[in-house]
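One structure is given here, and the rest of the page talks about it.
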Amino acid sequence: MIAPNFRRFLEHAAMGFALLLSFLWTPNAWAQTLIPIYTNSNALVLQVDTNKEVNIIYFGQRLTLEQEYKQVTRQDHPLEDYSRMFASAYTTSGTRNLLEPALSVTHADGNNGLHLLYQSHKRDAVDGNITLTSVVLKDPMYKFWVTLYYKAYANEDVVEQWSTIRHQEGKPVLLAKFASANLHLKSKAYWLRHYHGDWAREMGTEELPLTHGIKVLDSKLGTRTDLFQPPLFMVSLDKPATEEEGEVLLGSLSWTGNYRIDFEVDPQDNLRILAGMNNYASTYTLKPNQDFATPPLVYTFSSKGRGLASRNMHDWARNYKLIDGHGSRLTLLNNWEATYFNFNEQKLAMLIQDTKKLGVDMFLLDDGWFANKYPRNWDNAGLGDWTENRKKLPSGIGYLIKEAKVNGVKFGIWLEPEMINPKSELYEKHPEWVVKQPNRPEHYFRNQLVLDLTNPNVQDFVFGIVDGLFTKNPELAYIKWDCNAVIYNAHSPYLTNQSNFYVDYVRGLYRVLQRIRAKYPKVPMMLCSGGGGRMDYGILEYFTEYWPSDNTDPLERVFMQWEYSYYFPVIASSNHVTEWGKQPIKFRTDVAMMGKLGFDIVINKLNDMDLAYCQGAVKLYDSVKHVIWHGDQYRLTNPTKDDVASTIFMDKNKTNGVIFTYLVNNRFGRGSMRPIMLKGLDPALRYRIKEVNLYPGTTSHITGSATYTGDFLMKVGFNPAVSFERSSVVLTITRV
Ligand code: DGJ
């Protein structure tokens, strides 16, 4: 009599052995089709096995010999994979799968099983740098296809990965889960770095080892979806990567709606990552012959730490995503915190003069300029009624634009066109344009509701607001596009199928933005969402910059901007000097300079010294902004680990740069005790370092008279002498 446990052991062992034999002895097992997706340094390799199933066999640094990828799996001696699809390139459900699926469907005949086999693949060279690989999969039992897309940017080491889903089943198919990407990584351990927050608390950072089971990052907020958690993450292999060392995958989902990213450590101790739109309350009805395109997961893999990964992402974003990524940006004076809703024409005319006095490029008029029947004097009225408030602005926006012109500055304006206050004429006229449950009480976020962008009439309306403003005011130079509410009571009066709502809302939003960009391709626009409630490349491709947070306390910003900067180049980071925080104006301004500089303070309340400092800072910024925006960013000392935070921006030729260093620990005697090792220099070149942006009346011993080789500065370092008395130091570094 064999004990049941022992019998089970024998059964398992026999099954595992049989699987191993079948794998080793399958004819042509080693001659199966490989589909490598290469960037300059990395490879993701798919393999079509003899059963036509497509699996991921390799993800990591590129090998020298392509034929050696075929031998990769020989080196693995994993525990059993009963389904033989743990490493599937796109995991389906309802057939053999035992793990988290990328795609779950109910076919037109009510059957839930999906199995995808290889049909074809091709590789198209989009240009000298970009290759688009597509792999067509089909269910042998159904007229159901999935195409996997891998767009590889060789020089940037970035891949965008997504899928399209299509069928010809005669009647609609239900998609219950529909991920963009399915990855499979192998390591001893996996460390996930991800973010959490709320209003004014964006980019709270957590890094933890992934354990078996599934860790999910997601959002169910509908709009302003990243309020609690943005779709940004890093996975380090083996141990947490540092700035310069370790293997790390840095990724983000390009989708401005509900998203879901699953990190599953599987029974073989491998990591499966499934990322895409969230299927929460969103079983999607897909009609025959329609393409359902999922949004790209964008990622870069670095075997030299987080710093390189972030620079790859920056290059990619500036080259391919951001509007005018290699262009310029407008410095500005914003009136939000200077006036809130309380202003009139005279006050604004004064602020426009202050804009000139300060020396920035543009005045940005914020919330509160519109609506008459229900004037926008607070956040509880007027949203939706986009005509100038006659009491505040009797001469209209045109007058303000003229005033700006007279003062030699540009004029920009705030909009929140996706939203509506119940107290508005728009609501009275079009209650059917509002997202809400028909038979339940309304529930408000910041006293407002969301317009139903699934409705083409609403899309026309939102496009018309922007178009109308530009048509009437062709010299309008800039838009700050805000989005303050999440979606409660998700229900579209327009859609017949409510489960399509969350997905179709975002598609409607993109349609509007595409129309705006088709007509106004270059106009700078800031992506704002009550702070950083929208942080993804799906929407950033329509914008020149983003608003990281309403929290502009510079000490907070040192940490927040540090973390944002892994994912987004600082040319896109709108940083305003405000009254938040306890730091002196120099500290506040220096921090705001690490990005796109703006001000939101009352200029005429500044004392003479502060004003002179700000004016000088704007001039200095104008001379160094190009290296900050377009150079390479290296993080030198980490504020979470050190008393000082230090970052250098170096131009691509390694000849000019700017170094920012801040005291982040106010305990007695803290400061830059040791020299800071510089990075990104040419060891053979000689550099001069000079302190700039000094507060009037102060001097510095770092005068630029001494010179050092790059070798010295990267091995011995340089001490900016940051201390309580010198809590913020800006240095320029120039090739001699
Ligand atoms: C939220 C934004 O983050 C602020 O900068 C400001 O524009 C307000 N909305 C205006 O209502």
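The values are calculated or read from the model by the stated rules, or taken from the named source; none is laboratory data. Since we're looking at a predicted model, the values are computed, not measured. Here the Cβ positions follow ideal geometry from the backbone for every residue, glycine too, while neighbour counts run over all protein chains shown. Accessible surface is based on the protein model in full, side chains and every heavy atom, while ligands, DNA and RNA are left aside. Shrake-Rupley method; radii C 1.70, N 1.55, O 1.52, S 1.80 Å.
Quick look at the values:
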item: Three-way shape label, the range 60-199, alpha-carbon gyration tensor, a/c 1.5; result: rounded
item: Residue order for THR64, THR387 - accessible surface, 1.4 angstrom probe, largest first; result: THR64, THR387
item: Ranking by accessible area, most exposed first, for ASP324, ASP608 with a 1.4 Å probe; result: ASP608, ASP324
item: Stokes-Einstein D for the range 143-211, Kirkwood Rh over Cα pairs, 25 °C, 0.890 mPa s (µm²/s); result: 151 µm²/s
item: HIS626 - accessible surface, heavy atoms, 1.4 Å probe, Å² rounded to 10; result: 90 Å²
item: Low-density loop positions, GluC sites (Glu not before Pro), the range 387-473 - DSSP coil, at most 14 other Cβ in 10 Å; result: GLU442
item: Cα gyration tensor category, rounded, prolate or oblate, for the chain with a/c compared to 1.5; result: oblate
item: For the chain: accessible area per residue (Å², 1.4 Å); result: 39 Å²
item: Placed amide H near TYR546: partners under 5 Å, 5+ positions off or other chain; result: LEU527, SER573, SER574
item: Restricting the range 63-151 to chymotrypsin sites (Phe, Trp or Tyr not before Pro) in coil, as DSSP defines it, with at most 14 other Cβ within 10 Å; result: TYR82
item: Sites matching trypsin sites (Lys or Arg not before Pro) across the range 462-542 that sit in DSSP coil, with at most 15 neighbouring C-beta atoms within 10 Å; result: LYS522
item: The range 453-507: C-alpha gyration tensor shape, a/c 1.5 cut-off, then a/b vs b/c; result: prolate
